[in-house]
Amino acid sequence: MGRPRGPAARGAGHVREPRRRPAPAAIRSRSLILVIDTSSARSAIALLRPDGSVAGEQVGPSGPVFGLADGVRVMREGRPLSRVAVATGPGSFTGLRVGVSFGLGLAMGLKVPIVPLPTLAIQAARSEEPVLAVSEAGRGRVYHLAPGREAGLAEAGELPQEWPAVGWLRPATQEALIAAGVRMQDESRLRTFGAAAALVLKTAREVAYDSLRLEYMQSFASKF
């Protein structure tokens, strides 16, 4: 006779070991970071892996047509998130609120950290070379950040021209900058939104949910 197989072979006293849940560190190692930017003329979302590589991203015109919630749902595919990062401006009141409200609500619901990322810092990080980061401010004006300087608000003709400009602007605004002598950096030479956000995230800090500060048009550093 051969040895008994199946449940009888284990004996009545056999107790099956419960399946162990992955340790929190193991879960985090598989989690993604969601980045949201609705602060300017174009909006973007990106999913980043723990090592900073881009798992997916979407960029399109700002406004209802962008479909933020649907875009995040489709891109995420139910995968866990370890953090949510949001662009905090400078930008328009409505534009900033759309992305930050969604991101903050998602972070709170999932009980994961929220990380603020300055809009101009993301644009500056898209280039390997020093650039003038710009963002739409409406009425032909732009927010700008030059290397080694503080962010400011200016008309097209008031912008420094020592560096090529990088940023998402309305067509009319970009044409005004070019007419004023500002050089726009070739998009083909720039990092993607997700890759740039990953660089900024390296030094970004998490904040408390009720301490998130936004930079609205003409009213920098407003508390959310």
From the Cα trace of the stretch 123-188, what convex hull volume per residue do you get, rounded to a whole Å³? 76 Å³
Counting only DSSP beta bridges with both residues in the stretch 123-188, what percent are antiparallel, rounded to the nearest 5? 75 percent
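Rank the residues Val65, Val84, Val98 as a footprinting-exposure proxy: fewest other Cβ atoms within 10 Å of their Cβ go first.
Working: Val65 8, Val84 24, Val98 20.
Starting with the residue having the fewest Cβ neighbours, the order is Val65, Val98, Val84.
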At most 10 other Cβ within 10 Å, DSSP loop - trypsin sites (Lys or Arg not before Pro), the stretch 72-176: Lys111, Arg139, Arg149
Rough spin-label spacing in nm, given labels placed 7 Å along Cα→Cβ, for Thr94 and Asp210: 3.0 nm
So if R0 is 41 Å, what FRET efficiency would Glu187 and Lys111 give, r being the distance between their Cβ atoms, rounded to the nearest 0.05? 0.65
How many nm separate the modelled label positions at Arg139 and Ala55, each set 7 Å beyond the Cα in the direction of the Cβ? 4.3 nm
Using unit Cβ charges (K, R positive; D, E negative) and no other charged atoms, how large, in debye to the nearest 20, is the dipole of the stretch 123-188 about its Cα centre? 200 debye
Would you please state which residues of the stretch 146-163 a label at Glu129 would reach in this model, taking the label point 7 Å out along Cα→Cβ and a backbone N cut-off of under 11 Å? 163
Relative contact order (percent) for the stretch 139-194, with alpha-carbon contacts under 8 angstrom and 6 or more residues of separation? 30 percent
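Any read-out appearing in this document is the output of simple, stated calculations on the displayed coordinates, not a laboratory observation. Please read these numbers as outputs of a predicted model, since none were measured by experiment. Glycine also receives a Cβ, built like all others from the backbone with ideal geometry; neighbour counts cover every protein chain displayed.
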